[in-house]
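Asks: A single structure is presented below for examination.
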Amino acid sequence: MSKPTFLPITLFGSLAILFFCVASLPAQESFIASANSGPDAPVIKVSIDSEPPPMRLSAKAIIAAFLKSEAETRDALNQHTFKRDVVLQTIGPNGAVTGEYIRNSQFLFDDRGNRIERVIYHPSSTIRELRITKEDIQDLAGAQLLGVDIAETGKYRLNYLGTELVDSRTAFVIDVAPSTTPDPQNMKARFFVGRVWVDTNTFRVIKVKGIVEPQGKQRFPIFETWRGAITDALVFPNLTIADQTLHFPSRDVHYRINVKYYDYKRFASKVTVTEIDPSASE
């Protein structure tokens, strides 16, 4: 690369350039962003509450690039099998484990892109202070794995908040909230509520932190899911953790989640299989 050539600028020219730069600064606004173009593209309502980052990307461009990168990640994940080891625990006042739920599985994908679980190891639960529900199992394979479901983007409002350092990397911070209040009478409709940290260079997700709603009569913890590089081109989830005291009407329960995702392998062909262990818990 050759050195740039600098030309002298007159006072009039400087003022003109300054006026152009000021006039070009993006203002705060509300807009519609989409990961894809075309009439059938998913539409997301986005509100901007902060100035764009120093690299001069608008909030709209950041969110659009995040959605595009995340769509590519989901598509790549749908071409991979992987294993998942789940450990859910209740913790006593002295820090000792009082109950444990273990569920080790392998995940495949059918020809429609549906995630299918094959349970490998699932001993009887020893947890007695609370009940592991079907919503807990649904969240483990849904929001706690990937966060916001970009296949249903109309359900969410995405808001760019600024930048933060995450493990010495600068990340865009995107707030995620449901576009409508989750209905506690409809526990099947699960919503991620929280934040996503996105690498400023690749627009790939570094981590997701939040909670799944609605709660209903149940209680769910705030969780963090971290992603790591599988190859130079692929960044997939590798760890989900939570450690929180859940407040029930009659008691408090210290609850802990530790989930590992590993052994990612590209799946050569699409198949349709069924769940071997249909029960959510024992």
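Asks: Pick out, in residue order, every one of the GluC sites (Glu not before Pro) in segment 151-248 that is DSSP loop and has at most 10 other C-beta atoms within 10 Å; say none if there are none.
Replies: Within segment 151-248, no GluC sites (Glu not before Pro) qualify (loop, at most 10 other Cβ atoms within 10 Å).
Asks: Quick query: amide H of Leu246 versus all other amide H atoms, modeled in the peptide plane; which residues come in under 5 Å with a sequence gap of 5 or more or a different chain?
Replies: For Leu246, the qualifying residues are Val253, His254, Tyr255.
Asks: When a footprinting reagent is the concern and you count Cβ atoms within 10 Å, what order do Trp226, Trp197 take, fewest first?
Replies: Going from sparsest to densest Cβ surroundings: Trp226, Trp197.
Asks: Which of rounded, prolate or oblate describes segment 195-273 when judged by the alpha-carbon gyration tensor and an a/c cut-off of 1.5?
Replies: It comes out prolate by the Cα gyration axes.
Asks: Now for a different question. Reported to two decimal places, what Rg/Rh ratio describes segment 131-194 when computed on Cα atoms with Rh from the Kirkwood expression?
Replies: With Rh from the inverse mean 1/r over Cα pairs, Rg/Rh is 1.04.
Asks: Then there's this: So how do Val97, Val176, Val148 line up by other beta-carbon neighbours within 10 Å, fewest first?
Replies: The order, fewest Cβ neighbours first, is Val97, Val176, Val148.
Asks: Count neighbours as other Cβ atoms within 10 Å of each site's Cβ, and list the trypsin sites (Lys or Arg not before Pro) in segment 189-238 that are DSSP loop with at most 10 such neighbours.
Replies: Lys217
Asks: Students often check this: by mean Cβ neighbours within 10 Å, which of 78-85, 62-69 ranks highest, and how do the rest follow?
Replies: Ranked by mean Cβ neighbours within 10 Å, highest first: 62-69, 78-85.
Asks: Find how much the distance from Ala96 to Val173 grows on full extension, using 0.36 nm per residue of separation minus their present alpha carbon separation; answer in nm with one decimal.
Replies: 24.2 nm
Asks: As a footprinting exposure proxy, order Arg251, Arg103, Arg157 by other Cβ within 10 Å, with the fewest listed first.
Replies: Listed from fewest to most nearby Cβ atoms, that is Arg251, Arg157, Arg103.
Asks: How long are the semi-axes of the equivalent ellipsoid of segment 72-266, taking √(5λ) for every eigenvalue λ of the Cα gyration tensor, in whole Å from largest down?
Replies: The answer is 26, 21, 17 Å, longest axis first.
Where a number appears in this text, it was derived from the coordinates with a stated rule and is not lab data. The shown structure was predicted, so the numbers you read here are calculated from the model rather than taken from an experiment. Here Cβ is always computed from backbone atoms with ideal geometry, including for glycine, and neighbour counts include all displayed protein chains.
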